[in-house]
Amino acid sequence: MKTGKLANTFRVDRGKHFRLKDFDPAETGHWKSKEHAAEALQEGIARTAELQDKLYAQNNWALLLIFQAMDAAGKDGAIKHVMSGVNPQGCQVHSFKAPSDLELQHDFLWRTTRDLPERGRIGIFNRSYYEEVLVVRVHPEILKNQRTPASLVGKKIWDERFEDIRCFERHMTRSGTVIRKFFLNVSKKEQKARFLARLEEPEKNWKFSASDVRERACWDAYQDAYQDLIRETATEHAPWYIVPADNKWFTRLVISTVIVDALESLNLAYPRVDDAKRKELEAAKKGLLEKK
């Protein structure tokens, strides 16, 4: 499967002039057939599994995938489908909700830093440290509960957090962690339809929360916050992908192509066995064959 072109269509690695309204949540590119896209997705899933096995065996690189979105954009489903073929031993998934009391005793990056992927693993953050420049920005009263000294909570706090995030991601990249960030771009109309489905279909009732509707009332504020954070944190080494999310089948295909593209860029291979190790293996094989 040719992945680079589709992956790059939605890539933002220089955020200065980024405008969220330039990206259509309902776009499906030239993929007019869900069946064709489903076949391509299965190819991508198989290729991801193959590359993940080499990533795990080589044990040098790590891959961190960050998912951010408005409610009902399809993060959980995308993760479930796109990563369905990987070996669970080589994949670590973490979901971040409201900070615990322990987490509030530390800086805003601490709780996610603890869960960064080990070398050889793929780490998935379902929400992340970006919540600290999203939810907290839309609801500034949350800052009061974060116990940051009042003298440090000034007009520049968001710029300072953006700077901290950029430096953190640069450090991680220089340490061997490849970072890819996804914003699942769902339209307000489609979000409403999905909320109604959660209310009307019994098997989806458990997904609905009254807080979802309250947060929907802040839609414009969140759109502004997302645009700002993408402008400030989209870099060549840690790019954002603005993934159309109104059609789940296309969302999953785009994410899959990005993951495959990232892994292929590492030129992964199984470790080579040196002469000493080969002799050891041959001796072990001989011993096994000689014994019953």
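The residue list Gly29, Gly90, Gly15 contains one member that is touching a helix residue (DSSP H, G or I) at 6+ places or on another chain (Cβ under 9 Å), modelled with pLDDT under 95 and exposed (fewer than 15 other Cβ atoms within 10 Å of the Cβ), which is Gly29.
Restricting the first member to segment 34-56 and to residues that are closer than 19 Å to Val178 by Cα, and the second to residues that are modelled with pLDDT under 95 and part of a helix (DSSP H, G or I), the beta-carbon pairs closer than 6 Å and six or more apart or on different chains are Gln52/Gly90; Tyr56/Gly90.
Outside any strand (DSSP E or B) and either surrounded by 20 or more Cβ atoms within 10 Å (Cβ to Cβ) or not hydrophobic (A, V, I, L, M, F, W, C) (or both): is that true of Ala57 in this structure? The answer is no for Ala57. Of the residues Ala72, Ala49, the single one that is surrounded by 20 or more Cβ atoms within 10 Å (Cβ to Cβ) and of a type outside the set (Phe, Trp, Tyr) is Ala72. Just checking, does segment 126-134 include any residue being over 25 Å from Gly77 (Cβ atoms) and either part of a strand (DSSP E or B) or aromatic (Phe, Trp, Tyr) (or both)? Looking for residues that are over 25 Å from Gly77 (Cβ atoms) and either part of a strand (DSSP E or B) or aromatic (Phe, Trp, Tyr) (or both), one finds none in segment 126-134, hence no.
If you check Gly120 against the conditions, is it on the phi > 0 side of the Ramachandran plot, in contact with a Gly (Cβ under 8 Å, 6 or more places away or on another chain) and either surrounded by fewer than 20 Cβ atoms within 10 Å (Cβ to Cβ) or polar (S, T, N, Q) (or both)? Judged against the criteria, Gly120 is a match.
Please go through segment 241-252 and pick out each residue that is over 14 Å from the mean Cα position of the chain (by Cα) and in a helix (DSSP H, G or I). Across segment 241-252, the qualifying residues are Lys248, Trp249, Phe250.
Scanning segment 155-194 for residues being touching a Ser or Thr at 6+ places or on another chain (Cβ under 9 Å), within 17 Å of Val135 (Cα to Cα) and part of a helix (DSSP H, G or I) gives a total of 3. Would you mind stating whether Ala238 is touching a helix residue (DSSP H, G or I) at 6+ places or on another chain (Cβ under 7 Å), surrounded by 14 or more Cβ atoms within 10 Å (Cβ to Cβ), of a type in the set (Gly, Ala, Ser) and assigned to a helix (DSSP H, G or I)? So Ala238 fails the test. Select from segment 146-169 the residues that are surrounded by 13 or more Cβ atoms within 10 Å (Cβ to Cβ) and of a type in the set (S, T, N, Q) and write down the one among them that is farthest from the chain's Cα centre (by Cα). Residue satisfying both the conditions and the ranking: Thr148. Being touching a helix residue (DSSP H, G or I) at 6+ places or on another chain (Cβ under 6 Å) and at positive phi is the requirement here; does Gly74 meet it? Spelling it out, Gly74 is indeed touching a helix residue (DSSP H, G or I) at 6+ places or on another chain (Cβ under 6 Å) and at positive phi. Just to be sure, is Ile259 part of a helix (DSSP H, G or I) and either more than 15 Å from the chain's Cα centre (by Cα) or modelled with pLDDT of 85 or more (or both)? So Ile259 passes the test. So which of Ala225, Ala221, Ala276 ends up being at pLDDT below 95, assigned to a helix (DSSP H, G or I) and hydrophobic (A, V, I, L, M, F, W, C)? After ruling out the rest, the residue left standing is Ala276.
The values are calculated or read from the model by the stated rules, or taken from the named source; none is laboratory data. Not measured: the values here are computed from a predicted model. Backbone-built Cβ (ideal geometry, glycine too); neighbour counts: all protein chains shown.
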